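The values are calculated or read from the model by the stated rules, or taken from the named source; none is laboratory data. Being a predicted model, the structure only gives us computed values, none of them experimental. Every residue, glycine as well, gets a Cβ built from its backbone with ideal geometry; the counts of neighbours run over all protein chains shown.
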Amino acid sequence: MPASATRRYLPGSNVLETTFRTSDGTVRIVDLMSIPGERQFQPMREVLRVVEGVEGRVPVAFEIDPRPGYGRMAPRLEARAPKQWAWVWRNECLYLHSDVALQPLGDGLVGQRVLGGGDRLCSSLAYTKADIGVIAPLEAAAQQRVEDTLRWWQTWSSQARYQGQYREAVVRSALALKLLTYALSGAVVAAPTTSLPEAIGGDRNWDYRYCWLRDAALTMRAFTGLGYLDEARGFLDWLLHATRLTWPELRVLYDVYGRTEFEEEELAHWRGFRDSRPVRIGNAAQAQLQLDVYGAVCFAAREFVNATGALASDEARLLRGFGQSVCRQWQEPDHGIWEIRGEPRQYTFSKVMCWTALDVLVDLSKNGRLKLPSAARAARDALRGLIETRGYNRELGAYVAVLDGATIDASLLLIGCLGYADPADGRMRGTFSRVQERLARNGLLMRYEPGFDGFAAPEGAFGICSFWAIDNLARRGDVHEAHRAFQHALGFANDVGLLAEEIDPDTGALLGNFPQAYTHVGLINAALALEPQ
Amino acid sequence: MSVSELFARDLPQLLLWGLIATVAMTTILQGSQGLGLSRLSLPFLVGTFFTANRNRATVIGFIVYTIGGWGFAMLYFLFFAGIGVANWWLGALLGFLHGVFLLAAALPLLPYAHPRMASEHDGPGAGYILEPPGFFGLNYGRRTPLTTMLGQIVYGATLGGLCQLADVFVGAPG
């Protein structure tokens, strides 16, 4: 039966409502991850779905067919009680409690109902690992969970400090960021998905279910800028304590617990999104050297200190260790912010972030918050000298991607966003212009020039880069142009206001893993930069 | 010396042995849960008899379960004293029988006695309800019977073995 569907998040929440309209009537579906109230025993994780007939009589088909372990596990389906089913594998259990009369079909369940106006069916899918499962109640108790969860989100989102004209988009981004935050550790994952392709049919398909330290500076700025200081505290705690296993050195990425041992693997039995192979799990980028992460972490710490005034002595000691690592390594080539595979290079942006790390430490040492590594000042000054001579191309009138090079890279816009240079300064204006000339397509920015990463397949415009440009425009006073560019970028969000890592500049289609924390972080920070100071 | 006199004389060490055996059994059961061999946590099940608060249930459960382990140890000692034999393999045999009873009778009966557990014949009402263990605790994982039996056997063997080492209850009057 032909049906049209519209979706929306209920205002100020992560409760999703989908309405299907057919010639026979209308059905509404509400999906949410329930938020536990007090510490009663509740499911470890629960997805609750309420299907409601709005008008007419609409036949609805129900189907569930779990494929745990990337489809490599064979879960055992067990009928536990009336309305209750369990899929069990290893020490994990998926427990379905549903109002729908379901029948087994293969390893899954199917069912059908005709829903009339006012009919309501609830299904609770609860996940448990290494523990006794908890069965969530249905009917009125399920409706209560919908209301409790909605209220929780609305209370949380109402606390966002931003009151500007883009509040709806900013709050949606904050809500997405909150969903990407691992509550148990404060870590923020880059995206909840793996291997959504950066070009349809291409091979740039990566696993983003990890935490990139690269994102730390701007993520912290987004949290503190919106006034979410609990999330900022949790994030800083994760940054400093989860990285203890590798301290005083930092890796490119960590999992939500701070682990770095995850091999990259290709799932040959998966077709990939629209036949985009390979599908990868794990991420080999963790083995790379990426020097900009030191600046990102130190910058994040200073953002937090500026917002709260708090820096514990052990945290200062950890930061000092990172400073010592920078003093030791800043002259090394690395793989840069974009984790480009192959031989390491002398990326200008990596040097800028090494400078940022040391500048933050010098700054924090001024009021006695930490003891500065002895070589820090000299290294910081040497870095600035290097960047201004070999990282700046006089012929181009711009900073360049690699020392002594002539290529342009959108990350150079961050030089203006993170405080190394004033966006209104001549060198930054020149850089901004060259970035626009070489990397702009349909008002969006590619992250670097074609072939720079050694991959033949094309990729889309990189979502956050457009917001960096807007940030530069706002900070240098081109507010009208910044608003125009911001509204243009917002137009690429999907029907519920979410953005992916990349955008196809020709079709506007979202590409890459989705939703992408970094893109939404960029959106929030650009909106904050547009606010009158 | 009568059984009661034996108990009175050796009570401190019997209590200590009961605690050691309980700790050994609990370590195996909780270790099995941590290693992903079973989802069963007996202390949690016991604790949720008293409270619906997950944190409190875990703490209360551990306290009550430990006291229960001590209590059962005294029953084992009574049995050893009664027949005048105490050694590790007899203890292990008792533990095995204890485990079979637990899995085949006690756990399946739990839904009918536990105030916060679903019965397999009806769904949950208004509140959150614990998943029932099923026959032999198999709902909590296929290895649950094995890990539970291992815990009970180690418990009994520890009690019998310690008595054997200290030469207690050997030839005691029935």
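General remarks:
- Unique residue being part of a helix (DSSP H, G or I), assigned by TED's automatic domain parsing to the domain that holds A:Leu364 and either among the β-branched types (Val, Ile, Thr) or modelled with pLDDT under 95 (or both) when the list is A:Thr260, A:Thr219: A:Thr219
- Identity of the residue in segment A:360-406, touching a residue at least 60 places away in the same chain (Cβ under 8 Å) and outside any loop (DSSP other than H, G, I, E, B), that ends up nearest to A:Gly336 (Cα to Cα): A:Val360
- Filtered residue count, segment A:467-484, keeping only those that are surrounded by fewer than 24 Cβ atoms within 10 Å (Cβ to Cβ) and part of a helix (DSSP H, G or I): 7
- Among the residues here, B:Pro145 does not qualify as of a type outside the set (Asp, Glu), within 14 Å of chain A (Cβ to nearest Cβ), part of a helix (DSSP H, G or I) and in contact (Cβ under 8 Å) with a residue 24 or more places away in the chain.
- Taking the conditions (1) away from chain A (no Cβ under 14 Å); (2) under 10 Å from the mean Cα position of the chain (by Cα) in turn, B:Leu29 satisfies each one other than (1).
- Residues that are among the small types (Gly, Ala, Ser) and either more than 25 Å from A:Gly202 (Cβ to Cβ) or out of contact with any helix residue (DSSP H, G or I) (no Cβ under 7 Å at 6 or more places or on another chain) (or both), drawn from segment A:444-468: A:Gly451, A:Gly454, A:Ala456, A:Ala457, A:Gly460, A:Ala461
- Selected residue [out of contact with any Leu (no Cβ under 6 Å at 6 or more places or on another chain) and not acidic (Asp, Glu)] from A:Leu109, A:Leu125, A:Leu184: A:Leu184
- Flag if A:Gly416 is farther than 26 Å from A:Gly451 by Cα, among the small types (Gly, Ala, Ser) and in a helix (DSSP H, G or I): no
- Highlighted here are the helices (runs of 4 or more DSSP H) found entirely within segment B:37-123 that include at least 1 residues which are of a type in the set (D, E, K, R): B:54-83.
- Options A:Ala174, A:Ala169: the member that is more than 14 Å from chain B (Cβ to nearest Cβ), in contact with a Phe, Trp or Tyr (Cβ under 8 Å, 6 or more places away or on another chain) and small (Gly, Ala, Ser): A:Ala174
- Filtered by the rule that a residue be buried (at least 22 other Cβ atoms within 10 Å of the Cβ) and over 17 Å from A:Arg380 (Cα atoms), segment A:319-339 gives A:Asp334, A:His335, A:Gly336, A:Ile337.
- In the set A:Ser157, A:Ser195, A:Ser123, only one residue is modelled with pLDDT of 95 or more, within 27 Å of A:Val51 (Cα to Cα) and under 23 Å from the mean Cα position of the chain (by Cα); that residue is A:Ser157.
- Search result, residues across segment A:469-501 that are over 27 Å from A:Arg204 (Cα atoms), among the charged types (D, E, K, R) and either within 23 Å of the chain's Cα centre (by Cα) or not assigned by TED's automatic domain parsing to the domain that holds A:Asn525 (or both): A:Asp471
- A:Leu418 meets all of the listed conditions (1) surrounded by fewer than 18 Cβ atoms within 10 Å (Cβ to Cβ); (2) of a type in the set (A, V, I, L, M); (3) within 14 Å of A:Lys351 (Cα to Cα) but one, namely (1).
- Conditions (1) facing another protein chain (nearest Cβ under 10 Å); (2) not in a strand (DSSP E or B); number of the one not met by A:Pro11: (1)
- Matching residues in segment B:44-60 - criterion: being free of Cβ contacts under 8 Å to residues at least 60 places away in the same chain and within 11 Å of chain A (Cβ to nearest Cβ): B:Phe44, B:Gly47, B:Thr51, B:Asn53, B:Arg54, B:Asn55, B:Arg56, B:Ala57, B:Thr58
- Hey, A:Ala191 closer than 30 Å to A:Phe349 by Cα, part of a helix (DSSP H, G or I), away from chain B (no Cβ under 14 Å) and of a type in the set (Gly, Ala, Ser) or not: no
- Subset tally (residues that are of a type outside the set (Gly, Ala, Ser), in a helix (DSSP H, G or I) and farther than 16 Å from A:Leu213 by Cβ) for segment A:284-321: 6
- Filter pass, A:Gly508 being on the phi > 0 side of the Ramachandran plot and of a type outside the set (A, V, I, L, M): yes
- Complete set of residues in segment A:103-120 that are outside any loop (DSSP other than H, G, I, E, B) and either without any contact (Cβ under 8 Å) to a residue 60 or more places away in the chain or within 14 Å of chain B (Cβ to nearest Cβ) (or both): A:Gln103, A:Pro104, A:Leu105, A:Gly108, A:Leu109, A:Val110, A:Gly111, A:Gln112, A:Arg113, A:Val114
- Checklist (1) modelled with pLDDT under 95; (2) more than 30 Å from A:Phe455 (Cα to Cα); (3) crowded, with 17+ Cβ neighbours inside 10 Å applied to A:Ser313, failing item: (3)
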